[in-house]
Every structure is written in C-alpha cells, then in structure tokens.
1. If I go through region 1-58 residue by residue, how many of them are in contact (Cβ under 8 Å) with a residue 60 or more places away in the chain and assigned to a loop (DSSP other than H, G, I, E, B)?
2. So if I check each of Thr78, Thr31, which one is touching a helix residue (DSSP H, G or I) at 6+ places or on another chain (Cβ under 6 Å), surrounded by 13 or more Cβ atoms within 10 Å (Cβ to Cβ) and either at pLDDT 95 or above or over 22 Å from His7 (Cα atoms) (or both)?
3. Anything in region 1-41 that is touching a Lys or Arg at 6+ places or on another chain (Cβ under 9 Å) and among the hydrophobic types (A, V, I, L, M, F, W, C)? List them, or say none.
4. For region 25-58, what are the residues that are of a type in the set (Gly, Ala, Ser), within 15 Å of the chain's Cα centre (by Cα) and more than 16 Å from Leu84 (Cα to Cα)?
5. Of all residues being of a type outside the set (Asp, Glu), surrounded by 13 or more Cβ atoms within 10 Å (Cβ to Cβ) and touching a Ser or Thr at 6+ places or on another chain (Cβ under 8 Å) in region 50-69, which is nearest to Tyr92 (Cα to Cα)? Just the residue, please.
6. Assuming Asp22 fulfils every condition listed in (1) over 18 Å from Gln87 (Cβ atoms); (2) modelled with pLDDT of 95 or more apart from one, which condition is it?
Amino acid sequence: MKLRREHPALRVGEQKHVTVADDYYLFTRETPGERLLIAFHKGESPKTLTVDLTDTSIANAGSFGALNGGAAPSLQGTKLQLELAPQSLAIYKVD
C-alpha cells in the first residue's frame, strides 16, 4: 500500500504491455511524470530474462531502479536483463 501511495503511476497510470509468456508478464504503468516497469513471474524457479525494449514505450530508458527490493536490472542499449525470483512481483522506476 505504501508504494501505491508514493507512486501515482500505480494508481492512475496508463498500462502498456511490454512482453508476456506462460510464466511471466512485463508491463508499464505511466503518467506524465512517472514511468514504472512491473514484472510478474509465476514460475517455480528463478528466471533470467533478456527483453528487447525497442518497440515499447520505455525504449529510451536510461536506467532502472528497484522499488520493492531486489537488484536493479541491467540495461545495454535497448536490451534489458532481469533476474526474477520464483513466484514474485518486481517494480522498477524507469529513468
């Protein structure tokens, strides 16, 4: 609840799909002043993802910061690499 209070994008932001598969889903929540990336992972074991952001609303991202613990993903150009824990939800601030 604290994150929802502190980040308007979680309450009223427009939702935009980034990528989806059987065991994970990545999307953004965006307002004019804030962009967040949300990653759901329902798998039973850790997962490493490399996502091409080229055709997404966050293709111009410069960095990502973890908001709910865990390590920040790495970004090289438009390739984002995430380490997702089993059965987890991760929220990242997009700069």
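The values are calculated or read from the model by the stated rules, or taken from the named source; none is laboratory data. Worth saying up front: this structure is predicted, and the values here are computed from it rather than measured. Here the Cβ positions follow ideal geometry from the backbone for every residue, glycine too, while neighbour counts run over all protein chains shown.
1. 1
2. Thr31
3. Matches in region 1-41: Ala9, Leu10, Val12, Phe27, Leu36, Leu37, Ile38.
4. Scanning region 25-58 gives a single hit, Ser57.
5. Among those residues, the one meeting the criterion is Ile58.
6. (1)
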